[in-house]
Amino acid sequence: MGKPLVLGNWKMHGTQRSAHALALGVVARAAEFSHVDVGLCPPFVHIPTVAAVVFGSAIRVGAQNVSERGEGAFTGEIAATMLRELGCTYVLVGHSERRQGYAETNAGVVAKYVHAHAAGLCPVLCVGETLAERQTNATETVIESQLEPLVARPDVVALLAHGVIAYEPVWAIGTGETATPAQAQSVHAFIRRRLAAVGPNVAQSVRIVYGGSVKPVNANELFAMPDVDGGLIGGAALKIEDFVAICVSAEQLRRGR
Ligand code: PGA
């Protein structure tokens, strides 16, 4: 695998002041996880503040969403080029909270992915099943349907090699419920196999991170799974100590591998 990746998804939390303090706290500890790529994804309006704090450090900034269109008359939207100009490296696309609460479709998510990549951002494609889908053994079918619009396009497949996929079971997000390491590994391996079918190089180099109630107490066992290349962290990313501990878990496993 490549370098592990740990991203903090701050969701719609914080003030300018708290965003500044959180970023500063993470930067101050960056030497403890120097073999891990770490990114912070604050709300749009806090991006300049966080970008200024992490400037010159190894910590990167990301956004939580991006428009599926290029610059134009689209009130309330943010173009990928604007995020890049602010210094963003990563952007989440297709987070389940957006798929469910804002009716994002698989086709729209692909458009975001392509725009983000074209602007020089690293898109993080989020996929995952609901509890009902898991209980009816539909997990792989759902993941397949979320990957399909990307893998069906050879131009997009090529981009995936340097991209990131986040497996986030919807039932584990913000619920305190975490997928077991075996459940996470099984879906991560499925994703990698699916990508191997369209491009062996893609499957090898894409990073597949796990998200859904990752905490300091469960990060080690999740990151120890062979196909888990890091994490997308929600609630625990809002506490400096917890987020740093999770990054350190990724660092230790990286060294151990
Ligand atoms: P959580 O969120 O860690 O709070 O479950 C993860 C996410 O939504 O990215």
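Data overview
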item	result
Cβ pairs under 8 Å, 6+ apart, first in region 91-105 and under 18 Å from LEU40 (Cα atoms), second more than 8 Å from the ligand (Cβ to nearest atom) and β-branched (Val, Ile, Thr)	VAL91/VAL66; VAL91/VAL124; LEU92/VAL124; VAL93/VAL66; VAL93/VAL109; VAL93/VAL124; GLY94/VAL109; GLY94/VAL127
GLU97, sole failed condition from (1) part of a helix (DSSP H, G or I); (2) surrounded by 15 or more Cβ atoms within 10 Å (Cβ to Cβ); (3) away from the ligand (no atom under 16 Å from the Cβ); (4) modelled with pLDDT of 95 or more	(3)
Selection status of ASP155, more than 15 Å from VAL36 (Cα to Cα), of a type in the set (D, E, K, R), in a helix (DSSP H, G or I) and within 16 Å of the ligand (Cβ to nearest atom)	no
Region 2-21 residues that are within 13 Å of VAL45 (Cα to Cα) and part of a helix (DSSP H, G or I), paired with ones that are modelled with pLDDT of 95 or more and of a type in the set (Ser, Thr, Tyr) (beta carbon under 7 Å, 6 or more apart)	GLN16/THR49; ALA19/THR49; HIS20/THR49
Some residue of region 129-139 being buried (at least 19 other Cβ atoms within 10 Å of the Cβ) and either under 27 Å from PRO43 (Cα atoms) or among the small types (Gly, Ala, Ser) (or both)	yes
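Every residue, every condition in (1) touching a Lys or Arg at 6+ places or on another chain (Cβ under 7 Å); (2) among the β-branched types (Val, Ile, Thr); (3) over 15 Å from HIS95 (Cα atoms); (4) modelled with pLDDT of 95 or more, yes or no:
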site	(1), (2), (3), (4)
ASN106	no, no, no, no
LEU125	no, no, no, yes
THR139	no, yes, yes, yes
PRO154	no, no, yes, no
ALA161	no, no, yes, no
ALA166	no, no, no, yes
PRO181	no, no, yes, yes
ALA189	no, no, yes, yes
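The values are calculated or read from the model by the stated rules, or taken from the named source; none is laboratory data. Quick caveat, the model's predicted, so the values are computed rather than measured. Every residue, glycine as well, gets a Cβ built from its backbone with ideal geometry; the counts of neighbours run over all protein chains shown.
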